[in-house]
1. With all pairs of different alpha carbon atoms counted, what Kirkwood hydrodynamic radius in Å does segment 33-175 show?
2. Can you compute the FRET efficiency between residue 68 and residue 325 using 1/(1 + (r/R0)^6), with r the Cβ-Cβ distance and R0 = 56 Å? Round to the nearest 0.05.
3. Within segment 23-40, what residues put their amide N at less than 15 Å from the label point 7 Å along the Cα-to-Cβ vector of residue 313?
4. Roughly how compact is the chain, stated as its Cα Rg over 2.2 N^0.38 Å to two decimals?
5. Ratio of segment 137-228's C-alpha Rg to 2.2 N^0.38 Å, to two decimals?
6. Alpha carbon centre of segment 98-129 versus segment 237-256: separation in Å?
7. Residue separation times 0.36 nm, minus the C-alpha to C-alpha distance between residue 3 and residue 351: what's the value?
8. At 4 °C and 1.567 mPa s, what whole-number value in µm²/s does Stokes-Einstein give for the translational diffusion of segment 281-406, with Rh from the Kirkwood sum over Cα pairs?
Ligand SMILES: Cc1ncc(COP(=O)(O)O)c(C=O)c1O
């Protein structure tokens, strides 16, 4: 007799399709394809010898402890290193305000589990980070989105949505934003909008989740205070910060951290107890070494120089191939790893993706970054991973396939 597995699956995940980007990336097995699709940092900036040295030191200092279970909230040495790291951003918190996570994605999952029930409203940008959407989707919330503008979320539209929802008796669970060099657009939220978003958060009593993996990867302009910092100044206690070591150190470690009010952090820690227990000690020790022994400032400066040059190459090549009359536009980020290309509305980038694969180049179709009502004429481009030569070649290949459809 055939087993009907589907009917046994929990309702929350019965129709859950997983990470759409994963499905895009499965087409990229041909080594000749130049992929601008992933969100990968470049191995050219990996600190390989430093990692070997730190590993040796950590093994010598206590291999038995590395091979053992470790505290669920995180290793004390990493917690203390992170508290110091955050002071650079004028964020002053205590141990009870931080939970070490097993990557940014884990932090998002914990937040979804903690706050969301089916039908709960989450306010997001249009577009926003697809990994957050997929993590939250497991709890079957309703996403309400506002368009992102060149200086970040359309905060006035957030205000209108909050007003409408309040009239309907609905209180959103939180507002999710990536204010610095947003994935997927590369856009940064202005200081005025950060303050205005906080005003809304206080007025409607809706917390903000500030996801910040790229904050240190600034290539131009002045650093803007984190929303967490502004909230601390105003003594609001309305912000939960989400961080990862994936883009600054390496994604292979799968280590990140969440910060926020102790009541929230304690609850997230309980969920982590039932979910993965501890984050591997070795990985945490390597992140401690990254912050404390590997000359963080020199490393970050060289990452910035390296990625700035790649971004410049990409932007210059785009400008040379797509004069304004083609109707192809793109963002020009001040940092991060991504930018957002918009093609005329007559082109569906989910279809263009397959032409691109034939032309041996890949991107992520923009429709994957919408919580509702997707737009179909955008592409997310990652400029950090492929070599400089391949970046130029990738734009040429993209030009060939886009121009066929113009
Ligand atoms: C905005 C944002 N948040 C979270 C993550 C997840 O990072 P991690 O690789 O640590 O899971 C990413 C990764 O691309 C991201 O862009």
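1. Hydrodynamic radius (Kirkwood, Cα only) of segment 33-175 equals 19.1 Å.
2. 0.30
3. 34-36
4. 0.99
5. 1.11
6. 13
7. Additional length available on full extension: 121.7 nm.
8. 80
Readers should treat all values here as calculations from the given coordinates under stated rules, not as data from a laboratory. Model, not experiment: these values are computed from the prediction. Positions of Cβ are generated from backbone atoms using ideal geometry, with glycine treated the same way; all protein chains shown enter the neighbour counts.
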